[in-house]
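Novice: Mind looking over this structure? Questions follow.
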Amino acid sequence: MRVLHVASEVYPLIKTGGLADVAAALPAAQIKIGVDARLLVPGYPAVLDKLADLKPVRTLADPWTTGGTVLMLGRTPDGVPCYVVDAPEMYGRPGNPYLGPDGRDWPDNHLRFALLGWVAAWLAGPDGGWRWRPDVVHGHDWQSGLAHAYLELRGGPRPATVLTIHNIAYQGLFPASLLGELQLPASSFDVDGLEYHGQIGFLKAGLYYADRISTVSPTYADEIQSIDGGWGLHGLLASRAPDLWGILNGVDYDVWSPAVDPALVQRYDFDTLDDKRIDKTALREEFGLRQRDDAPLFGVVSRLTPMKGFDLLLSAIPALVEEGAQFAVLGSGEGWLEDGFRSLSERHAGDVGVFVGYDEPLSHRVQAGCDVIMLPSRSEPCGLIQLYGLRYGTLPLVRRVGGLADTVVDAQDWAIDQERATGFVFDQPTVEELLAACRRALELWRDQARWRSVQRVAMRQDFSWTASAKRYLDMYRSAYPDE
């Protein structure tokens, strides 16, 4: 089976979030199980600089650029064939792929990602099949949404189509007045089409026109069909429930494993778990924390936003420090939260350390050096940080939502005794419930024999991409029964 993944970012070429990790790992995992998987990504400067064996294969007369678009083909560091939409007018801008230097969306984002979808439709159509034509076009998030519209609305034979929702909060909404610029018929601007409350919805287009819809955990698939979780699209998603699949993201254990991680001061594995304390000592030094034998270290690697629940943690930290906890926080986000964590690090110097920003190697060291990794999210479609924590023996402390609910088993006594517990789970997004979960973690940490037994269960969990890749193949076959 031939599958074309359409994505706006892919690690390690360019990354702003978890979408890039999935866009890199899923095609690579599919290739290992026999799928002919390829990528299509915009030609940002970072992509053009980092792809190997990059060569032009065709010049396309698209509707928007003055000099045409060059379709190029290279390979990612994992060896995945990767088509690139080389259109400097659209993508030749350094930095963030979606935002200008002022932090606002590029004003032509509707055209930039319309072009991505248009090229995907060309590759999948009768003109594009001169060398390789996909059986399935698999789009990721709103930036790929118009690929499904172009494929459906042009008529005639087409491949099966899939859209994966990584986060339904991001919908790609644009004024209705721009419809004519997108080369779509006026009839498509309808509730049975891409219209969303009087606007053009790129995500809505994908959800309406794709043959199958997936999202990144079974619980999140249920949540987005509800009024509270569907961000206005719950009705459409509920009507398409038979076509909606919840498939957990996987982990690339070649990258995220303490046994092979080059970022760590000391590598370790299931059999050498005592060596984890060396990473804890080094991390404390890196974050300016006191070396204390009596204190568990709680870690954060995240965007600092209320959606991630870090306003709750901001309020909870003073009490937890008084009770013997330390914190290492790595992240960036809303200014008032960044300032709040900086203030805590000043007031609790030696017990709270904060790095505002993002540093990939440091994120690995936080996973290795901490005892607990925190995700008190109000919403979390899948989450990868908790999956990394499990493999590093760093117990996740999470809210029971989305993929967090599907991947972490609460350390209640019965679950510990049955060797099923892997972390700490709370239900309501309140400071009181977060504090209660953290206090349970503090209590268990002080019983090192039981703590170690939970760590070992956590490290044995297998969330590799192989199982996820097989589930996606099942979904493709349901939409493309000839395979």
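Novice: Restricting to segment 394-405, name every residue that is surrounded by fewer than 24 Cβ atoms within 10 Å (Cβ to Cβ) and of a type in the set (Gly, Ala, Ser).
Specialist: Ala405
Novice: Another one. Given the structure, is Arg378 in the same structural domain as Asp294 (by TED's automatic domain parsing) and assigned to a helix (DSSP H, G or I)?
Specialist: Values: in the same structural domain as Asp294 (by TED's automatic domain parsing): yes; assigned to a helix (DSSP H, G or I): no.
The answer is no for Arg378.
Novice: From the set of residues in segment 466-483 that are out of contact with any strand residue (DSSP E or B) (no Cβ under 7 Å at 6 or more places or on another chain) and hydrophobic (A, V, I, L, M, F, W, C), which is surrounded by the fewest Cβ atoms within 10 Å (Cβ to Cβ)?
Specialist: Ala467
Novice: Which one is nearest to the chain's Cα centre (by Cα) among residues in segment 13-38 that are over 20 Å from Ser302 (Cβ atoms) and among the charged types (D, E, K, R)?
Specialist: Arg38
Novice: Taking Asp53 and the conditions (1) at pLDDT 95 or above; (2) in contact with a strand residue (DSSP E or B) (Cβ under 7 Å, 6 or more places away or on another chain), which numbered condition does it fall short on, given that it satisfies the others?
Specialist: Checking Asp53 against (1) at pLDDT 95 or above; (2) in contact with a strand residue (DSSP E or B) (Cβ under 7 Å, 6 or more places away or on another chain), the one that fails is (1).
Novice: Ok, one more. So which residues in segment 170-183 are more than 30 Å from Asn249 (Cβ to Cβ) and either β-branched (Val, Ile, Thr) or in a loop (DSSP other than H, G, I, E, B) (or both), if there are any at all?
Specialist: Here is the first cut: in segment 170-183, the residues more than 30 Å from Asn249 (Cβ to Cβ) are 175-183.
If the condition is that a residue be more than 30 Å from Asn249 (Cβ to Cβ) and either β-branched (Val, Ile, Thr) or in a loop (DSSP other than H, G, I, E, B) (or both), then Gln183 is the only one that fits.
Novice: I would also like to ask the following. Would a scan of segment 329-341 turn up a residue that is farther than 19 Å from Leu395 by Cα, of a type in the set (A, V, I, L, M) and assigned to a helix (DSSP H, G or I)?
Specialist: Yes: one or more hits.
Novice: Going through segment 1-47 one residue at a time, which ones are within 17 Å of Val84 (Cα to Cα), touching a Cys at 6+ places or on another chain (Cβ under 9 Å) and surrounded by fewer than 24 Cβ atoms within 10 Å (Cβ to Cβ)?
Specialist: Leu13, Arg38
Novice: Something else about it: Is at least one residue of segment 357-371 buried (at least 19 other Cβ atoms within 10 Å of the Cβ) and in a loop (DSSP other than H, G, I, E, B)?
Specialist: Looking through segment 357-371, at least one residue is buried (at least 19 other Cβ atoms within 10 Å of the Cβ) and in a loop (DSSP other than H, G, I, E, B).
Novice: Please list, ordered by residue number, the helices (runs of 4 or more DSSP H) wholly in segment 184-255 having 1 or more residues that are aromatic (Phe, Trp, Tyr) and modelled with pLDDT of 95 or more. Give the derivation first.
Specialist: Working: elements: 202-209, 218-223, 234-239.
Result: 202-209, 218-223.
To keep it simple, each residue is scored yes or no on (1) free of Cβ contacts under 8 Å to residues at least 24 places away in the same chain; (2) within 20 Å of the chain's Cα centre (by Cα); (3) outside the structural domain of Arg212 (by TED's automatic domain parsing).
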site: Trp106; (1), (2), (3): yes, no, no
site: Arg112; (1), (2), (3): no, no, no
site: Gly117; (1), (2), (3): no, no, no
site: Ala120; (1), (2), (3): no, no, no
site: Asp127; (1), (2), (3): yes, no, no
site: Trp132; (1), (2), (3): no, no, no
site: Asp141; (1), (2), (3): no, yes, no
site: Thr164; (1), (2), (3): no, yes, no
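Novice: Additional query: Which one is surrounded by the fewest Cβ atoms within 10 Å (Cβ to Cβ) among residues in segment 50-76 that are under 20 Å from Val10 (Cα atoms) and among the small types (Gly, Ala, Ser)?
Specialist: Across segment 50-76, the extreme among qualifying residues is Ala52.
Novice: Criterion first (within 25 Å of Val457 (Cβ to Cβ), out of contact with any strand residue (DSSP E or B) (no Cβ under 9 Å at 6 or more places or on another chain), of a type in the set (Phe, Trp, Tyr) and in contact (Cβ under 8 Å) with a residue 40 or more places away in the chain) does Phe270 satisfy it? Before the answer, list the steps.
Specialist: Working: within 25 Å of Val457 (Cβ to Cβ): yes; out of contact with any strand residue (DSSP E or B) (no Cβ under 9 Å at 6 or more places or on another chain): yes; of a type in the set (Phe, Trp, Tyr): yes; in contact (Cβ under 8 Å) with a residue 40 or more places away in the chain: yes.
Yes.
Novice: Residues Leu320, Leu264, Leu289: which one is in contact (Cβ under 8 Å) with a residue 40 or more places away in the chain and not in a loop (DSSP other than H, G, I, E, B)? If you could, list the steps in order and put the result at the bottom.
Specialist: Numbers: Leu264 fails: not in a loop (DSSP other than H, G, I, E, B); Leu289 fails: not in a loop (DSSP other than H, G, I, E, B).
Step by step, each of Leu320, Leu264, Leu289 is checked, and only Leu320 is in contact (Cβ under 8 Å) with a residue 40 or more places away in the chain and not in a loop (DSSP other than H, G, I, E, B).
Novice: Among all residue pairs at least 6 apart or on different chains, which show Cβ distances below 7 Å where the first residue, located in segment 331-356, is in contact (Cβ under 8 Å) with a residue 24 or more places away in the chain and surrounded by 17 or more Cβ atoms within 10 Å (Cβ to Cβ) and the second is part of a loop (DSSP other than H, G, I, E, B) and not β-branched (Val, Ile, Thr)?
Specialist: That search, which allows pairs on different chains as well, returns Asp351/Leu289; Asp351/Arg290; Gly353/Gly288; Gly353/Leu289.
Novice: With the structure loaded, tell me whether Val22 is in contact (Cβ under 8 Å) with a residue 24 or more places away in the chain and in contact with a Ser or Thr (Cβ under 7 Å, 6 or more places away or on another chain) or whether it fails that test. Before you say what the answer is, go through the steps one by one.
Specialist: Values: in contact (Cβ under 8 Å) with a residue 24 or more places away in the chain: yes; in contact with a Ser or Thr (Cβ under 7 Å, 6 or more places away or on another chain): no.
The answer is no for Val22.
Novice: Mind checking which helices (runs of 4 or more DSSP H) fall wholly inside segment 1-111 and carry at least 2 residues that are in contact with a His (Cβ under 7 Å, 6 or more places away or on another chain)? Before the answer, list the steps.
Specialist: Values: elements: 18-32, 45-50, 88-91.
Output list reads 18-32.
Novice: Of Gln461, Gln448, Gln386, Gln412, which residue is touching a Pro at 6+ places or on another chain (Cβ under 7 Å) and not basic (Lys, Arg)?
Specialist: On the way: Gln461 fails: touching a Pro at 6+ places or on another chain (Cβ under 7 Å); Gln448 fails: touching a Pro at 6+ places or on another chain (Cβ under 7 Å); Gln412 fails: touching a Pro at 6+ places or on another chain (Cβ under 7 Å).
None of the other options fit; the residue is Gln386.
Novice: A further question follows. Those residues that are of a type in the set (Ser, Thr, Tyr) and surrounded by 21 or more Cβ atoms within 10 Å (Cβ to Cβ), I need them from segment 406-437; list them, please.
Specialist: Of the residues in segment 406-437, the ones of a type in the set (Ser, Thr, Tyr) are 407, 422, 430.
Once the filter is applied, which keeps residues that are of a type in the set (Ser, Thr, Tyr) and surrounded by 21 or more Cβ atoms within 10 Å (Cβ to Cβ), segment 406-437 yields Thr407, Thr422.
Novice: With the condition being closer than 27 Å to Ser226 by Cα, I'd like the helices (runs of 4 or more DSSP H) fully within segment 395-483 carrying at least 2 qualifying residues.
Specialist: On the way: elements: 402-407, 413-417, 431-445, 448-460, 465-479.
Here the list reads 402-407, 431-445, 465-479.
Novice: Taking segment 438-465 on its own, how many of its residues are buried (at least 19 other Cβ atoms within 10 Å of the Cβ) and either more than 28 Å from Asp294 (Cα to Cα) or at pLDDT below 95 (or both)?
Specialist: So the answer is 2.
The values are calculated or read from the model by the stated rules, or taken from the named source; none is laboratory data. Since this is a predicted model, take the numbers as computed values, not measurements. Note that we place each Cβ from the backbone using ideal geometry, even for glycine, and neighbour counts take in every protein chain shown.
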